[in-house]
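Input: a single structure, listed below in structure tokens.
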Amino acid sequence: MTNEPAAVFEAVTKSYGSVRAADGLDLTVRRGETLALLGRNGAGKSTAISMLLGLDTPDSGRISLLGGTPEQAVLAGRIGAMLQEGRAVSRVTVRELVGFVARTYPAPLPVSDALALAGLTALADRRVDRLSGGQAQRVRFAVALAGDPELIVLDEPTSALDVEARAEFWEAMHGYARRGNTVLFSTHYLEEADTAADRIVVLDAGRIVADGTSEELKRAAGGAVVSFDLAGAPSAYLSDLPGVTEVEIRGDRARLRTDDSDGTVRALAARDAIRGLEVAPLALNDVFLSLTRGRAATPETEPVR
Ligand SMILES: Nc1ncnc2c1ncn2[C@@H]1O[C@H](COP(=O)(O)OP(=O)(O)O)[C@@H](O)[C@H]1O
Ligand SMILES: [Mg+2]
């Protein structure tokens, strides 16, 4: 039972007209892990999440959630969710709202626990229409926690928040995850996937293009960045150096992306004097860009869902 995965996608596809929003998704979410679905706008994150929650049906393939169908898991109150669209706020207090939702579940979390986990204890008696954006988002988080779910699914939970509110949100999320629960969240912020998740699954045009820890992703991308001051030397030969896949010159600083940093540095050293040499592993941002570059163009507008 405890070894059973939290969620499994098997060869899941979903199209909207000619758009392949899910194009053969195979993914196993392990119990207790915090997994980020990382992808640009239109990559298929919300589609995958809607299907996982049984709000949308795959065209083909299968999804299981906590060993059963999505519908079974959701109806049993074992799943909490925060979806992308906003929700109209009413004139009740934070405690009243969370308490009301809790009573709709078979085995809810004590309301005070849900409020504490979401960092809302001090705001319990505040009306929900009198909150900042970050506080309101934590109320939605408390609502998602109300049923004491084993797995929580968050679709871009922080996209409208400032840096400080984001940090507070992730702290609340970590408190829930530390209780042994599973978290699946989507984001288009790299740093967020990097810092908040144990595992990153990169989606692009409905497909998984990478899956691993941020360290594994960087290693798999296999690159490094060699940078140095040109000190007036010519730069035309740089793209022909061993390993170099990309050359960027900014001011007097050359930045070479390379698959073979040793070879690149050796070749550079054999030429003119190089000053200010630095070799750095690829940043996650570069990995992400190279994974999702030049793929199907994404529409300008957010789909209405
Ligand atoms: N209900 C829908 N009708 C038509 N197209 C849709 C619908 N939902 C999503 N899409 C399209 O499917 C693709 C994936 O969308 P989505 O899953 O919302 O991506 P993300 O959440 O990563 O931004 C996009 O091209 C989007 O326009
Ligand atoms: Mg989305």
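Of the GluC sites (Glu not before Pro) found in region 28-97, those that fall in a DSSP loop while having at most 13 other beta-carbon atoms within 10 Å are Glu85. In the chain, the longest principal axis of the Cα atoms and the axis of helix 133-145 are about 60 degrees apart. Exposure proxy shown here: for Arg95, Arg275, Arg31, Arg219, the number of other Cβ atoms within 10 Å sets the order, fewest to most, as Arg275, Arg219, Arg31, Arg95.
Using C-alpha pairs below 8 Å separated by at least 6 residues, the relative contact order for region 47-165 is 33 percent. Most mobile of Ser18, Ser214, Ser112 per a Gaussian network model of the chain (Cα springs, under 10 Å)? For the chain, modelled as a Gaussian network with Cα springs under 10 Å, the answer is Ser18. When the chain is treated as a GNM with alpha-carbon contacts under 10 Å, the residue of Arg250, Arg91, Arg127 showing the greatest mean-square fluctuation is Arg250.
Here each label is just a point 7 Å from Cα along the line to Cβ, and for Asn41 and Ser15 those points are 2.6 nm apart. The C-alpha atoms of the chain occupy a region whose extents along the principal axes are 73, 45, 39 Å, arranged from largest to smallest. A simple count of charges around Leu120, restricted to other residues whose Cβ falls under 10 Å of its Cβ and scoring Lys, Arg +1 and Asp, Glu -1, yields +3. Computed over all pairs of different Cα atoms, the Kirkwood value for the hydrodynamic radius of region 1-108 is 15.6 Å. Secondary structure note: in region 125-232, about 50% of the DSSP beta bridges are antiparallel. Globularity index of region 148-236 is 1.47 (Cα radius of gyration / 2.2 N^0.38 Å, N = number of residues). Determine, at each q value in 0.14, 0.15 (inverse angstroms), the log₁₀ of I(q)/I(0) that the Debye formula gives when each Cα of region 62-187 is one equal point scatterer. For the requested q values the scattering log ratios are -0.56, -0.65. Relative contact order, whole percent, for the chain stands at 20, derived from Cα pairs under 8 Å and 6 or more residues apart. Entry note, the chain: the mean residue ellipticity at 222 nm calculated from DSSP H runs of n ≥ 4, each adding -39500 (n - 2.57), is -8500 deg cm²/dmol after division by the residues and rounding to the nearest 500. Dipole size of the chain about its Cα centre, with +1 on Lys/Arg Cβ and -1 on Asp/Glu Cβ: approximately 660 debye, rounded to the nearest 20. Pairwise inverse Cα distances across region 19-68, averaged and inverted, put the Kirkwood hydrodynamic radius at 12.0 Å.
Shape of region 223-281 from the C-alpha gyration tensor: rounded (a/c under 1.5, with a ≥ b ≥ c the square roots of its eigenvalues). Would you please classify the overall shape of region 37-94 from the alpha carbon gyration tensor, given that a ≥ b ≥ c denote the square roots of the eigenvalues, rounded means a/c under 1.5, and beyond that prolate means a/b larger than b/c while oblate covers the rest? Since a/c reaches 1.5 but b/c is at least a/b, the shape of region 37-94 is classed as oblate. Pick from Thr13, Thr28, Thr245 the residue whose mean-square fluctuation is largest in a GNM of the chain, springs joining Cα atoms under 10 Å. With Cα springs under 10 Å in the chain, the top fluctuation among Thr13, Thr28, Thr245 is at Thr245. Taking other C-beta atoms within 10 Å as the exposure proxy, Thr47, Thr57, Thr158, Thr292 rank Thr57, Thr292, Thr158, Thr47 from fewest upward. Antiparallel versus total DSSP beta bridges in the chain: what percent is that, nearest 5? If I count the DSSP bridges inside the chain, around 65 percent turn out antiparallel. Quick check: from the Cα gyration tensor, does region 123-194 come out rounded (a/c under 1.5), prolate or oblate? Oblate. The ranking of Val143, Val247, Val94 by Cβ neighbour count inside 10 Å, starting from the fewest, reads Val247, Val143, Val94.
Readers should treat all values here as calculations from the given coordinates under stated rules, not as data from a laboratory. The structure presented is a predicted model; accordingly, all values stated were derived computationally and were not measured. Neighbour counts run over all protein chains shown; Cβ positions are idealised from the backbone, glycine included.
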